[in-house]
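Participant: Starting off with a structure, shown below.
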Amino acid sequence: MHSTEACGPGPHSGVAAAHAYRPDLDGLRGIAVVSVVAYHLGLPFASGGFVGVDVFFVLSGFLITRLIATELQSGTFSIARFYERRIRRIIPALVFVCACTTALAVWLLLPQELERFSKSLIATALSVSNIWFFRNSGYFDPGAETQPLLHTWSLGIEEQFYVVFPLLLMAVFRWWPRALGKIVWLTFAASLAASIVFLPKYPLGTFYLLHSRAWELLAGGIVALGLLPRPASRAQSEIATALGLAAIAVAIFTYTSKTPFPGAAALLPCLGTAMAIWAGERSSEDARMIGARVLAFPPLTALGLISYSLYLWHWPLIVFTRLTTSGHLDVMQQVALAVAATGLAAATWYFVEQPFRRRGPSGFGRAAIFKGGALGLGALTASAAALLALDGAPQRFPTTVLAIAAAQADASPLRERCHFHVRGNRSYDDTCVIGDDVPPSVIVYGDSHGAEFSAALGEFAKSRHASVRQITASGCPPAMGFTFPADELCERYNAGIIDRLTSIPPTTVVLATYSLAWTREYPEQFWPGFERTISALRTAGHRVIVLGPVPDMLQAAGIPAAVARWTAKGRDPSDFSFEFGAEEVASVEAHMNEMATAQGAIFVPVSPELCSAQGCKPYADGAVLYFDNNHLSMSGAQLIASRLLVPIIWPEPGLSGLNVSPPR
């Protein structure tokens with residue numbers, strides 16, 4: 001994801017001076033890779049460590065642009081030689097680490113996970129993994145922790161950039177040399193504007209795709225092309241280095257996964273990196289400079305030298321460790337992973353990277369590099385295709401394990417038809433009625449946590465000649481006025497739903513929401529909005545049932561997979577349990593109960609049916625009760641609904657159910 005090609009000797013007019021080696025750049029690489037590894041290890045001080053990727057982008061843009069521009073001005077640039085260097089630098093270590101990762105994947109991943117991995121491996125080999133992950137996952141999603149090649153998205157960005165950018169520079173140098181600055185600055189501004197403008201509505205695309213990331217590489221290119229005046233004095237360089245490093249540090253230590261990114265937030269680490277590189281144009285000539293000596297700190301530059309291999313190794317090791325432990329990494333695991341990744345990176349740098357960079361009798365010629373690169377990437381693609389043809393090789397596991405793992409597909413069969421994924425384009429009139437062909441007497445209103453309850457209650461309703469209306473939308477809690485930053489879709493959707501619910505005859509409304517997540521992420525918006533929803537529904541005469549939080553297992557991407565791996569070790573799936581935030585769940589339950597009681601609604605706690613002081617049991621009656629790490633499966637929803645909701649909604653003759661306050 002980052003490059004170290006050095007330019008030829010000697011300065012060139014309009015282009016930043018070329019130097020054989022600048023230790024400050026390796027120092028910046030060291031900072032970048034340490035921040036990324038620390039973030040992925042879950043170290044609390046590096047909550048924004050993901051910006052290390054952006055530091056790499058700027059560094060890469062500087063180095064590669066300087067190389068291309070220097071050779072273009074001297075008339076020695078060759079596309080073939082350029083891509084030969086790229087292959088020497090990128091492909092050997094990538095193929096080696098991907099081959100090792102594939103071997104571990106075959107050993108450890110469940111069939112569906114292995115199929116998903118194989119598809120991502122093909123995308124990685126074709127330099128389009130950023131596009132694949134954009135279409136299939138999110139960087140900050142819990143499921144990202146099961147993607148061993150997720151980190152290769154940044155390689156896709158770089159390789160796509162370096163397909164287009166050298167050709168652009170060639171054309172500009174040949175036909176419009178005087179317009180070089182204007183063209184680069186305009187391209188930079190257009191990409192930055194796209195990153196800022198598209199982020200609110202298209203966060204995944206803005207994160208993963210080239211159009212909104214190109215400006216970060218161009219930031220380094222602007223410095224390399226000499227489009228900024230060189231530092232006028234040592235003091236100016238020292239100040240620029242200090243400010244640049246401070247900007248990077250602020251991003252690393254204060255940003256979090258909730259920070260809208262990249263967009264305007266990416267300016268801080270990117271401009272900070274560009275400032276440090278720019279300042280180094282003078283510090284490379286003055287070894288006395290403090291900033292240069294700080295960045296040339298030997299342990300930092302050593303990490304910088306192996307940063308590419310370290311970046312490649314660290315994430316698969318973390319993923320496989322988390323999958324096999326089904327828990328958060330403890331301190332010893334974090335230390336062990338950091339040491340293992342560093343050791344493997346050093347070995348890969350020495351035994352894989354360095355030999356392929358050598359030319360001449362002791363190295364590899366251009367033809368061998370191109371053929372070897374094609375062969376290596378082709379082998380990865382062929383291996384992935386074979387695993388896909390084998391359907392993930394399910395024969396590696398007993399049928400009992402496969403049956404448990406299959407629970408990840410035990411979601412509501414009505415999710416595609418009845419559950420809203422694009423909440424801004426849906427309304428009450430688009431909702432589904434499930435059960436018998438009669439007007440609905442029950443409404444389930446919620447976010448995605450209500451989808452399975454809707455389907456389960458619909459089945460119970462049909463046997464009672466009743467029906468249920470499902471009103472559920474992903475990522476949008478049933479909280480009036482709730483809105484995301486720069487996104488009012490949820491607020492508008494809820495307003496329309498509440499308007500209709502308060503205008504229909506009184507019925508029973510079940511509120512089901514991922515209250516734990518909303519409390520963690522947006523408590524100031526969720527709780528007042530949720531209380532307003534209860535109040536509005538009660539005022540309209542509805543009987544309101546508030547479902548308590550479903551305990552989640554955030555330390556694992558999927559509970560079915562965790563139970564399956566437990567069972568694969570010869571253990572009884574009924575003995576599997578996971579730790580949950582008992583105090584957090586109790587606090588949310590208390591808040592919900594207080595709110596419901598004050599409004600005359602019914603509060604129904606869910607956690608006592610799933611958990612005890614010793615932990616939560618997600619496997620019962622031969623079924624996994626979750627289909628991921630927080631949503632109940634159909635089996636789980638049916639179990640909870642039968643025990644907790646059916647007796648209230650359709651009490652047996654002679655039973656009064658729970659006492660309910662009269663509508664206000």
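The values are calculated or read from the model by the stated rules, or taken from the named source; none is laboratory data. Everything numeric here is computed off the predicted structure, so don't read it as measured data. Note that each Cβ is placed from the backbone with ideal geometry, even for glycine, and that neighbours are counted across all protein chains shown. Keep in mind that these areas ignore ligands, DNA and RNA; they rest on the heavy atoms of the full protein, side chains included. Shrake-Rupley method; radii C 1.70, N 1.55, O 1.52, S 1.80 Å.
Participant: Looking at A495, is it closer than 25 Å to P605 by Cα and among the hydrophobic types (A, V, I, L, M, F, W, C)?
Facilitator: For A495, the condition - closer than 25 Å to P605 by Cα and among the hydrophobic types (A, V, I, L, M, F, W, C) - is not met.
Participant: Output yes when any residue across segment 271-278 is in contact (Cβ under 8 Å) with a residue 60 or more places away in the chain, loosely packed, with under 15 Cβ neighbours inside 10 Å and among the small types (G, A, S), and no when none is.
Facilitator: No: segment 271-278 contains no residue that is in contact (Cβ under 8 Å) with a residue 60 or more places away in the chain, loosely packed, with under 15 Cβ neighbours inside 10 Å and among the small types (G, A, S).
Participant: Please specify each residue of segment 258-316 satisfying the condition of being outside any helix (DSSP H, G or I), among the hydrophobic types (A, V, I, L, M, F, W, C) and at pLDDT below 90. Full working, then the answer.
Facilitator: Filtering segment 258-316 for residues outside any helix (DSSP H, G or I) gives 258-262, 284-289, 296-297, 306.
With the extra rule that they be among the hydrophobic types (A, V, I, L, M, F, W, C), the set shrinks to 261, 287, 289, 296-297, 306.
The answer is A287, M289.
Participant: Looking at segment 232-241, which of the residues that are farther than 13 Å from D24 by Cβ and in a helix (DSSP H, G or I) is least open to solvent (accessible area, probe 1.4 Å)?
Facilitator: Applying the first criterion (farther than 13 Å from D24 by Cβ) to segment 232-241 yields 232-236, 239.
Those left that are additionally in a helix (DSSP H, G or I): 234-236, 239.
Details: R234: 85, A235: 60, Q236: 75, I239: 103 Å².
Only one residue tops the list, namely A235.
Participant: While we're here: All but one of (1) under 27 Å from V335 (Cβ atoms); (2) modelled with pLDDT under 95; (3) out of contact with any Leu (no Cβ under 6 Å at 6 or more places or on another chain) hold for S13; state the number of the condition that does not hold.
Facilitator: (1)
Participant: List the number of the failed condition for A345; all other conditions in (1) assigned to a loop (DSSP other than H, G, I, E, B); (2) crowded, with 17+ Cβ neighbours inside 10 Å; (3) free of Cβ contacts under 8 Å to residues at least 60 places away in the same chain hold.
Facilitator: Unmet for A345, out of (1) assigned to a loop (DSSP other than H, G, I, E, B); (2) crowded, with 17+ Cβ neighbours inside 10 Å; (3) free of Cβ contacts under 8 Å to residues at least 60 places away in the same chain: (1).
Participant: Could you run through segment 359-373 and say how many residues are farther than 13 Å from R86 by Cα, open to solvent by 50 Å² or more (accessible area, probe 1.4 Å) and touching a helix residue (DSSP H, G or I) at 6+ places or on another chain (Cβ under 9 Å)?
Facilitator: The total comes to 3.
Participant: Further, regarding this structure: Can you name every residue in segment 598-623 that is open to solvent by less than 20 Å² (accessible area, probe 1.4 Å) and out of contact with any Lys or Arg (no Cβ under 9 Å at 6 or more places or on another chain)?
Facilitator: Within segment 598-623, V604, V606, S607, G615, C616, P618 meet the criteria.
Participant: Listed residues Q354, Q334; which is more than 27 Å from L59 (Cα to Cα), open to solvent by less than 60 Å² (accessible area, probe 1.4 Å), out of contact with any Asp or Glu (no Cβ under 6 Å at 6 or more places or on another chain) and not aromatic (F, W, Y)? I'd like the intermediate steps shown before the answer.
Facilitator: Working: Q354 fails: more than 27 Å from L59 (Cα to Cα).
Only one candidate passes the filter, namely Q334.
Participant: Can you tell me how many residues in segment 62-86 are buried (at least 19 other Cβ atoms within 10 Å of the Cβ) and of a type in the set (A, V, I, L, M, F, W, C)?
Facilitator: 7
Participant: Given the criteria touching a helix residue (DSSP H, G or I) at 6+ places or on another chain (Cβ under 6 Å) and within 30 Å of K569 (Cα to Cα), does A405 qualify?
Facilitator: yes
Participant: Pull out all pairs, ordered by first then second residue, where Cβ-Cβ is under 6 Å, the residues are six or more apart or on different chains, the first lies in segment 575-586 and is within 10 Å of V563 (Cα to Cα), and the second is part of a helix (DSSP H, G or I) and of a type outside the set (A, V, I, L, M).
Facilitator: These pairs meet every condition: F576/W566.
Participant: List pairs: first in segment 24-39 and of a type in the set (K, R), second outside any helix (DSSP H, G or I), Cβ under 9 Å, 6+ apart or cross-chain?
Facilitator: If the second residue must be outside any helix (DSSP H, G or I), the pairs left are R29/H2; R29/T4.
Participant: Further question: In this structure, is E589 of a type outside the set (F, W, Y), within 28 Å of the chain's Cα centre (by Cα) and part of a helix (DSSP H, G or I)?
Facilitator: no
Participant: Checking the condition touching a strand residue (DSSP E or B) at 6+ places or on another chain (Cβ under 9 Å) and closer than 21 Å to S154 by Cβ, which residue from A265, A219, A224, A251 passes?
Facilitator: On inspection, the qualifying residue turns out to be A224.
Participant: Oh, and also: Collect the residues in segment 44-61 that are surrounded by fewer than 24 Cβ atoms within 10 Å (Cβ to Cβ) and either at pLDDT below 95 or hydroxyl-bearing (S, T, Y) (or both), keeping them in residue-number order.
Facilitator: P44, F45, S47
Participant: Suppose we keep only residues that are outside any loop (DSSP other than H, G, I, E, B) and modelled with pLDDT under 90 within segment 124-143. Which one would you say is farthest from the chain's Cα centre (by Cα)?
Facilitator: N136
Participant: When only residues in segment 524-561 that are part of a helix (DSSP H, G or I) and polar (S, T, N, Q) count, which is least open to solvent (accessible area, probe 1.4 Å)?
Facilitator: Taking the candidates together, the pick is T533.
Participant: Also, I was wondering about something else. So A251 fits all but one of (1) part of a helix (DSSP H, G or I); (2) open to solvent by 10 Å² or more (accessible area, probe 1.4 Å); what number is the exception?
Facilitator: Here A251 meets the rest and fails (2).
Participant: Just checking, does segment 362-382 include any residue being touching a residue at least 60 places away in the same chain (Cβ under 8 Å), of a type in the set (V, I, T), in contact with a Leu (Cβ under 8 Å, 6 or more places away or on another chain) and not in a loop (DSSP other than H, G, I, E, B)?
Facilitator: So far as segment 362-382 goes, yes, one or more of its residues are touching a residue at least 60 places away in the same chain (Cβ under 8 Å), of a type in the set (V, I, T), in contact with a Leu (Cβ under 8 Å, 6 or more places away or on another chain) and not in a loop (DSSP other than H, G, I, E, B).
Participant: Now a separate question. May I ask you to list the residues in segment 391-416 that are part of a helix (DSSP H, G or I) and more than 13 Å from A623 (Cα to Cα)?
Facilitator: Hits for segment 391-416 are P394, Q395, R396, T399, R415, E416.
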